[in-house]
Amino acid sequence: MKPFRKHPVAHVCLLCVICACVISCVDDRHSGYEKFFLAYGTVERVSKQDLFIVLDDNDTTLQVSESAVSLDFFKEEMRLIVDYSILEEAAPGQSFHYRVRLNQAKEIPTVEIDSSGETLGRDPVTVENYWLARGFLTFKYRVRGTSFKHAVNLTLLPRASTGDEQNEDIAYLELHHDALNDPNKEALTEIVSFPLYKVFPDTVEPVKLRISYNDAEKEGDKTTVEITYYPRK
């Protein structure tokens, strides 16, 4: 793996309400195509003109038939927050669920997972939510500062440093936050994705992940969360 470098995390606010409304109205999809929906998803480019977005919501697949966003913007495996309207439901047997018009799209920053052992930031962070989808581990988190130019990274710990060298079914990771000397002022909410599928490219069995981080709500104490990674099919 190439040496790891910190990546500043960009602001991913969409229409100023995206974080509050994401994946809203999913249960109302059959009630009318005039509505718009907000969701997280991953890009699949079949060809230059054929664009699909697989939503984190149970792998619902959208075929983009109309788009207010240039198709050149979309790259394979890009993580997105999308605003879309349903044009029609797919016919039985098709490889997608809905034809849609894409109204807006915002890229979710994707950061490579570090396995170099490089020392990273240890500033506190509040994890509001986390989930796995399409081989990506995504965090919605909150920090304090004046800008969004903080660095958030995920480190895969060497097994020898975990004290659990025998249990190969568990992977230990640490979520790191570096405020980059940004003054502690207002609460900032962000989203970032990490491509786990690149760390476990040959894995065929589920892997239990134990992820620790310096919890801003526990006065310096670490919090550990567990989640199971299922290999991409």
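Each value in this text was obtained by applying a stated rule to the coordinates, not by laboratory testing. The structure presented is a predicted model; accordingly, all values stated were derived computationally and were not measured. A quick note on method: Cβ atoms are made from the backbone with ideal geometry, for glycine too, and the neighbour counts reach across all protein chains shown.
In sequence order, the stretch 82-94 has phi-based couplings of 10, 10, 9, 10, 7, 8, 6, 7, 5, 6, x, x, 7 Hz under the Karplus curve 6.51 cos²θ - 1.76 cosθ + 1.60, θ = phi - 60°, and Gly or Pro positions carry x. The modelled label-to-label distance between R122 and R45, using points 7 Å beyond Cα along the C-beta direction, is 4.1 nm.
The HN-Hα couplings worked out from phi for the stretch 137-149 by the Karplus form 6.51 cos²θ - 1.76 cosθ + 1.60 (θ = phi - 60°) are 9, 10, 10, 9, 9, 10, 10, 10, x, 10, 8, 9, 8 Hz, whole numbers, x standing for Gly and Pro. Let me confirm the definition first: pairs of Lys residues in the stretch 126-229, 8 or more apart or on different chains, C-alpha distance under 22 Å. How many are there? Count of close lysine pairs: 10.
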